[in-house]
Amino acid sequence: MKSISPELQAHLDDGTTTLAWCWRITRADGEVFGFTDHDRTLSFDGVDFEPESGFTAAEIRSASDLAVDAQDAEGALSSDRITETDIIDGRWDNAEVEVWRVNWQDVSQRVLMRRGAIGQIRRGRVAFTAEVRSLSHVLNQTVGRTYQATCDAALGDARCKVDLEDPAFKSAGSVTGILRERSFSVYGLEAFEAGWFALGYVEWTSGANAGRSAEIAAHEIADGVVTITLLEPPVRQVSVGDAFVARAGCDKRIETCRAKFANAANFRGFPHIPGQDAVMRYATRDGGHTGEVL
C-alpha cells in the first residue's frame, strides 16, 4: 500500500491535479540521472529531473501474481544525456529506477510509485523505449551454485585466484589490419600459441573504443599472421594502429585449468559426477571394471 501525505491526498481529492511522472535512474557506474515528462525542470532529493530528454510514460503492465510487472518509458536520443553509444555499450542495462508521481506545483507532494530496473531497451533512429521491470524480476534469477562439470568461477576472480596480470596471461598489442567487422590482424601476440586468448578479452587502450573491453571468440595464427576475432562487433569502428591489452581465456574445463593455468586446486566445477551419458551405459564383458571414473 502506498503512503500518501495528507497534502498530496487533498490535492488528489480536489479533482483538478497538476501531476507529473519523474524517473530517478542510478546506473551501475554510480551516475544518477533524473527525467520528467513535465515541461520544466523539477528538483527534489538532490536530483534535477530534466524535461529535455523527452521522457514519457508509455504503458504499465501489472499482475496480481509474481509475474514481472513492467512500465515502458519512451524518450529521444540526446547527445549529452542518453546517447546511442551508451545504450549499445550496456551502460544503462539493469540500472536502478525509481518512478515518482509528483505535484509539479509543490514537489514536496510526491509518492514513490514503484522501484525496478531497466530491462529491454529498443532503439530507433532518433528515439528509444526502455522497459522498467519491477523488483519481482529478481525472483527469476538463479541463486546459488549448480552441479555441473565445468567451472562456474570467473577467470581471475577471488574464487579462481589466477593472476591475470601475470605476463603469461597478458600481453599488449596493436591492430595491423582489418579483415572483417569483427576480425583483425594484430602485432604483439606472436609469442603465444593459437587459441591462448580465445574466450578471453581485449581492453582497448587507444582509438575510438578506448576504455572499453570486448570478448575474444577466436585467436588464430596462419602463415605467421596473428588474427583476433571478437565475439560481437565493436561499438565503434576498429582502426589500424589501435592499441589494446589482451588477456587469456578459459573454456571452464578441468583439463584446461590444470594444463594452462596450473590451477586445478581451485577448480570450481564437478568434473567427476556422472553426466547424461551415464543413462545410456550398459554392462559389457570387458572395460570399465577397474574402479576408475567412467
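The values are calculated or read from the model by the stated rules, or taken from the named source; none is laboratory data. Fair warning: this is a prediction, and the values are worked out from it, not measured in the lab. No Cβ is skipped: glycine too gets one built from the backbone with ideal geometry, and neighbour counts run over all protein chains shown.
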Hey, does region 15-35 have a residue that's at pLDDT below 75, within 17 Å of Gly119 (Cα to Cα), assigned by TED's automatic domain parsing to the domain that holds Ile121 and in a strand (DSSP E or B)?
no
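Can you pull out every residue in region 223-270 that is hydroxyl-bearing (Ser, Thr, Tyr) and touching a Ser or Thr at 6+ places or on another chain (Cβ under 9 Å)?
Pass one, region 223-270, residues hydroxyl-bearing (Ser, Thr, Tyr): 227, 229, 239, 256.
Residues satisfying the conditions are Thr227, Thr229.
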Which of the residues belonging to region 195-219 are surrounded by fewer than 19 Cβ atoms within 10 Å (Cβ to Cβ) and closer than 13 Å to Val175 by Cβ?
Thr205, Ser206, Ala208, Ala210
Considering every residue within region 178-186, establish whether at least one is under 17 Å from Glu203 (Cα atoms) and free of Cβ contacts under 8 Å to residues at least 40 places away in the same chain.
no
With the condition kept exactly as written, say whether any residue in region 266-274 is modelled with pLDDT of 85 or more and either β-branched (Val, Ile, Thr) or closer than 20 Å to Lys170 by Cβ (or both).
yes
Against the condition surrounded by 12 or more Cβ atoms within 10 Å (Cβ to Cβ), modelled with pLDDT under 65 and under 30 Å from Arg236 (Cα atoms), how does Thr56 come out, does it pass?
yes
Residues of region 169-194 satisfying the condition of being surrounded by 14 or more Cβ atoms within 10 Å (Cβ to Cβ), under 19 Å from Ala262 (Cβ atoms) and of a type outside the set (S, T, N, Q)
Phe169, Lys170, Phe192
